[in-house]
Amino acid sequence: MRLIDVKDKITWKLFHKVPRLIYKNDPLWIAPLESDIQKIFTPAHNKTFNDGEAKCMVLLDNNNSPVGRIAAFIDHARNKKREHIKGALGFFECIDDDNAANMLFEAAEQWLTGKEVQIIDGPINFGERDKFWGLLVSGRFAPIYTEPYNPEYYIRFFEDRGYRPYEKVLTLKGRTLDIPNEDFRQTAEKSKKEYGLRVENPDLKNLQKYADDFCAVYNPAFKDFPYYKPLDNKLVYSMFKKLKNVVDPGIISYAYHDDQPVGFCLLMPEINQFLKGANGRINIFTLPGILFRKFKPGRKIIKGLAFGIHPDYQGKGVIPILVDHIYEYGSKKYSHILLTTIRDLNKKMLNAMEHLNVKVDREHIAYRKILDDSIPFKNLNFEKLLGDRG
């Protein structure tokens, strides 16, 4: 077996072939869009490259067939604010072969140690943590758009290489009709009067305003969390523009005190329910099936894209205001709601989500490996994993 770097169309094709081999007999698997992954490793599409670098590799067997892949990366901008130098790996896929897995890990770790990295996290994303974050350890269901999905044996690969569970993120799921909206409505009406709050759906013709309002809430709300990196208006506006054709403004709400944004609830149709069978590509051959599934009669599934409450307005009923505003429309058009990448340590958010009657549907873990013995290991205070070894 031998490793090659991903650097052109031919090697990118090999990179994308690996998961098709791994999941060819898995009826649950939905291929992530190849374009989404390549954009992450294209400097023009990922601002993390402004002060960061990455390396993608493919493992070929003796017949030159791809049997594994991995990416290693480092964010120098974030490391300037850290006590220790951290690198990461992700987009790992491999056949059930310990030697193959070790070759991939060894190559990624060697590249990172050459950058004087002291800590390695993985599998995570090169950039923001809203996608491709963590190893699936509990809850085997069809993957949600940009949510990691993997065989159970990947857990063994990571743990045998000395990676230890560091941070847990949760996906919550519930029926829209089970949301107790009468309770929310009473609280919402009371909060509107008491605190002078109002709520609205976004006007998709004015995306810049809502990008600005998003940042005005997000940055102060999440500034004390691990991995926090301020979001700038240009980045959010660019993201909103890309999603414009798939979002439904009827399931998005913003709360305000006068003209000051104080909270947001961004939901969107779950895209993977339309991508089944597209094999990771949108083209003239797969587009008819995607459109058929999108416009086929029936209530669809929605995914939570982002929630945020300004610190000055937490505990003032903003969440009931946001939910009540979109409930009537949303519950008629959509059957279930999925809330992804909820940090296990975000107890305020989890307590708030309990009132939506959603339950933990699946769990993902970001692992950590300490390369410097002088650095103590401490995970981010989550419960023992379901099915933990040992």
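The values are calculated or read from the model by the stated rules, or taken from the named source; none is laboratory data. A quick note: this is a predicted structure, and the numbers were derived from the prediction, not measured. Cβ sites come from the backbone with ideal geometry, for glycine too, and all protein chains shown count toward neighbours.
The set of residues in the range 113-135 being hydrophobic (A, V, I, L, M, F, W, C), under 28 Å from Met239 (Cβ atoms) and out of contact with any helix residue (DSSP H, G or I) (no Cβ under 7 Å at 6 or more places or on another chain) consists of Ile124, Phe132, Trp133. Of all residues in the range 28-44, exactly one satisfies the criterion of being surrounded by fewer than 16 Cβ atoms within 10 Å (Cβ to Cβ) and either assigned to a strand (DSSP E or B) or among the β-branched types (Val, Ile, Thr) (or both), namely Thr42. A residue that is in contact (Cβ under 8 Å) with a residue 60 or more places away in the chain, of a type in the set (Val, Ile, Thr) and surrounded by 15 or more Cβ atoms within 10 Å (Cβ to Cβ) cannot be found anywhere in the range 231-249. Can you confirm whether Pro230 is in contact with a strand residue (DSSP E or B) (Cβ under 6 Å, 6 or more places away or on another chain), in a loop (DSSP other than H, G, I, E, B) and over 19 Å from Lys39 (Cβ atoms)? So Pro230 fails the test. Filtered by the rule that a residue be over 16 Å from Trp12 (Cα atoms) and either of a type outside the set (D, E, K, R) or part of a strand (DSSP E or B) (or both), the range 67-93 gives Phe73, Ile74, Asp75, His76, Ala77, Asn79, His84, Ile85, Lys86, Gly87, Ala88, Leu89.
With respect to Gly250, determine if the residue is assigned to a strand (DSSP E or B), modelled with pLDDT of 75 or more, outside the structural domain of Leu33 (by TED's automatic domain parsing) and among the small types (Gly, Ala, Ser). For Gly250, the condition - assigned to a strand (DSSP E or B), modelled with pLDDT of 75 or more, outside the structural domain of Leu33 (by TED's automatic domain parsing) and among the small types (Gly, Ala, Ser) - is not met.
Residues that are in a loop (DSSP other than H, G, I, E, B) and either surrounded by 15 or more Cβ atoms within 10 Å (Cβ to Cβ) or without any contact (Cβ under 8 Å) to a residue 60 or more places away in the chain (or both) within the range 196-226 comprise Asn201, Pro202, Asp203, Leu204, Lys205, Asn206, Lys223, Asp224, listed in sequence order.
Restricting attention to the range 287-308, does a residue exist that is assigned to a helix (DSSP H, G or I), aromatic (Phe, Trp, Tyr) and within 22 Å of Met349 (Cβ to Cβ)?
Narrowing the range 287-308 to residues assigned to a helix (DSSP H, G or I): 287-295.
Then drop every residue that is not aromatic (Phe, Trp, Tyr), which leaves 292, 295.
In the following step, the residues that additionally are within 22 Å of Met349 (Cβ to Cβ) were identified as none.
No, there is no match, as no residue in the range 287-308 is assigned to a helix (DSSP H, G or I), aromatic (Phe, Trp, Tyr) and within 22 Å of Met349 (Cβ to Cβ).
You will find that of Asn79, Asn102, Asn150, the residue that is of a type outside the set (A, V, I, L, M, F, W, C) and under 21 Å from the mean Cα position of the chain (by Cα) is Asn150 and no other. The residues of the range 254-288 that are modelled with pLDDT of 90 or more, over 20 Å from the mean Cα position of the chain (by Cα), over 19 Å from Phe222 (Cα atoms) and surrounded by 14 or more Cβ atoms within 10 Å (Cβ to Cβ) amount to a single one, His257. Consider Leu60 carefully, then state whether it is closer than 20 Å to Arg156 by Cβ, in contact with a strand residue (DSSP E or B) (Cβ under 8 Å, 6 or more places away or on another chain) and of a type outside the set (S, T, N, Q). No.
Does Glu159 qualify as being outside the structural domain of Phe307 (by TED's automatic domain parsing), outside any loop (DSSP other than H, G, I, E, B) and surrounded by fewer than 17 Cβ atoms within 10 Å (Cβ to Cβ)? Yes; evaluated as a whole, the condition is true for this residue.
The residues of the range 309-339 that are assigned to a strand (DSSP E or B), more than 19 Å from Lys190 (Cα to Cα) and at pLDDT 90 or above, listed by number, are Tyr334, Ser335, His336, Ile337, Leu338. For the range 72-100, a residue qualifies if it is in contact with a Lys or Arg (Cβ under 8 Å, 6 or more places away or on another chain), crowded, with 21+ Cβ neighbours inside 10 Å and within 22 Å of Glu159 (Cβ to Cβ), and the qualifying residues are Ala72, Phe73, Gly87, Phe91, Phe92, Glu93, Cys94. Per the listing Asp61, Asp26, Asp36, Asp51, the residue uniquely within 17 Å of Lys131 (Cα to Cα) and either in contact (Cβ under 8 Å) with a residue 12 or more places away in the chain or outside the structural domain of Val236 (by TED's automatic domain parsing) (or both) is Asp36.
What residue, of Asn25, Asn64, is part of a loop (DSSP other than H, G, I, E, B) and at positive phi? Working first, answer last.
Details: Asn25 fails: at positive phi.
On inspection, the qualifying residue turns out to be Asn64.
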